[in-house]
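This report concerns only the one structure given below.
The values are calculated or read from the model by the stated rules, or taken from the named source; none is laboratory data. Keep in mind it's a predicted model, so treat the numbers as computed, not measured. In this analysis, Cβ positions are derived from the backbone assuming ideal geometry, glycine residues included, and neighbour counts consider all displayed protein chains.
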Amino acid sequence: MRAVVTGQIGLDKKPYLESVASLAGSRGQRLECFHVGSMMYQEAPDVRSGRILDLPLSRLASLRRAAFKDIIAQTTPASDHPDVIVNTHATFRWRHGLFSAFDFDQMSLLKPNMFICLLDNVEMAHHRLHNEHEIDATLKDCMVWREEEIIVTELLANAMGCHDNFYILSRGRHEETLETCLRLITRPEMRKVYPSFPMSHVVDMPDVLAEIEAFRAAIAEHFIAFDPADVDEKLLLDRAIAAEKAGEEWVDVTPHAFGGGRGQDPIRFPVKEVLDIAGDVDGQIYMRDFKLIDQSDMIVSLIPELEGGIPALSSGVERELQHAWEHTKEVYVVWKPAKPPSPFITETATKIFPTVDDALEFFENQGMFATGNLFGH
């Protein structure tokens, strides 16, 4: 695949994608990375690090075109470079306002056949953005920029004839997402799965959470998994709501090491600034999770059992199952509770299993599993 990977500033895309390429190399696969931003700086040695976006738009466009010209020259013919990542952006929201970061003519010459918009938690993107650039952007600004990046990347994919090969992908808190990204680019024929499970109303149930974690890991091992929990900024919002009720003015977040936190001290955000994005967080979860289902082949939902045999069935999981069914996806449910499922589950499920192991055995017998284990172990 010739994949164009976009995403707002503050994602640390370059080291992440280099890790994906390194993982490929460790398995004898050739996956080349081209970082447009770094190549633009090489074209402009007079520009100080972190300041290139402050250049006039005309010079920015000239530097970008020079970088893309080099990438096109180095990856032609495409048959000699079957798996390529071009790390760039779809948009910039900077002092110039909102502007595009690509040229249609060069994108056509590049001949991409996949577009991926990379995401991360907004607090992490905000943290890295301010560490690396001299700009004052709020959490709200970062939420808006992310939404713009997704929409414009999808429009670009459609314009390039890749409407069936546009994906949203979270870099997440765990290294397993490197495997997801690598499989998506080098093994796109693999089954793509949306794992569905309750989240917010089981956060204080360690046994249920452990069961969910095991389920998520099993799905990620055998499929390309688009896991909704890889973006978990709803937890940030819940903590801010709790802080407001307690009369506190600040909420602290510990950066995750894999996401670029590098063991730093907690990041501090004003409670009011977090609460200001409440509508954005909820709205983007609603939009993003449905898009993740749309880009999957099937949904596999785990319904754990609560005390008394009651199903841990949230309204979000019900909506996900209904959306998947209405969009003709394969719908598989692992139903653990003693209480039998309602017709709203049984009539919209392709198949229902009593345990995760039963589901995995069925998937294996149907030839759905990927060959090889996670991270080559």
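Is there a residue in segment 62-70 that is farther than 25 Å from W94 by Cα and aliphatic (A, V, I, L, M)? Walk me through how you get there before you give the answer.
First, pick out the residues of segment 62-70 that are farther than 25 Å from W94 by Cα: 70.
Still in the running and aliphatic (A, V, I, L, M): none.
Scanning segment 62-70, I find no residue that is farther than 25 Å from W94 by Cα and aliphatic (A, V, I, L, M), so the answer is no.
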- Task: Starting from segment 301-319, keep only residues that are under 20 Å from A214 (Cβ atoms), then list their pairs with residues that are surrounded by 18 or more Cβ atoms within 10 Å (Cβ to Cβ) and of a type in the set (S, T, Y) whose Cβ atoms are within a distance under 8 Å, requiring at least 6 positions of separation or different chains.
- Result: S301/S196; S301/Y332; L302/S196; V317/S196; V317/S301
- Message: not in a helix (DSSP H, G or I) and not aromatic (F, W, Y): which single residue out of V281, V274, V331 fits that description?
- Response: V331
- Message: So, in segment 179-219, exactly how many residues are farther than 30 Å from L31 by Cβ, of a type in the set (V, I, T) and not in a loop (DSSP other than H, G, I, E, B)?
- Response: 3
- Log entry, pairs with first residue in segment 326-349 being among the acidic types (D, E), second being part of a loop (DSSP other than H, G, I, E, B), beta carbons closer than 7 Å, six or more apart or on different chains, reads E330/D297; E330/T350
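Quick one: count up the residues across segment 179-196 that are closer than 14 Å to L118 by Cβ and either among the β-branched types (V, I, T) or modelled with pLDDT under 95 (or both).
Narrowing segment 179-196 to residues closer than 14 Å to L118 by Cβ: 180-182, 184-185.
Subsequent filtering for residues that are either among the β-branched types (V, I, T) or modelled with pLDDT under 95 (or both) retains 180, 185.
Result for segment 179-196: 2.
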- Item | Pairs where the first residue, in segment 89-108, is within 18 Å of A73 (Cβ to Cβ) and modelled with pLDDT of 95 or more and the second is surrounded by 15 or more Cβ atoms within 10 Å (Cβ to Cβ) and aromatic (F, W, Y), C-beta under 9 Å, 6+ apart | F102/F68; D103/F68; Q106/F68; M107/F68
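Checking the structure you have, find out if any residue of segment 300-310 is closer than 30 Å to I151 by Cβ, surrounded by 13 or more Cβ atoms within 10 Å (Cβ to Cβ) and either modelled with pLDDT of 95 or more or acidic (D, E) (or both). Lay out the reasoning, then the answer.
Step one: list which residues in segment 300-310 are closer than 30 Å to I151 by Cβ, which gives 300-301.
This time we only want the ones that are surrounded by 13 or more Cβ atoms within 10 Å (Cβ to Cβ), so: 300-301.
Checking the rest, the ones that are also either modelled with pLDDT of 95 or more or acidic (D, E) (or both) come to 300-301.
Checked segment 300-310: at least one residue is closer than 30 Å to I151 by Cβ, surrounded by 13 or more Cβ atoms within 10 Å (Cβ to Cβ) and either modelled with pLDDT of 95 or more or acidic (D, E) (or both).
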- Query: Any idea which of (1) more than 14 Å from the chain's Cα centre (by Cα); (2) touching a residue at least 24 places away in the same chain (Cβ under 8 Å); (3) assigned to a helix (DSSP H, G or I) is the one F269 doesn't satisfy?
  - Reply: (3)
- Query: What single numbered condition from (1) surrounded by 16 or more Cβ atoms within 10 Å (Cβ to Cβ); (2) closer than 30 Å to A21 by Cβ; (3) at pLDDT below 95; (4) of a type outside the set (K, R) fails to hold for A257?
  - Reply: (1)
- S79 versus (1) farther than 23 Å from E147 by Cα; (2) at pLDDT 95 or above; (3) not acidic (D, E): which is the lone unmet condition? (2)
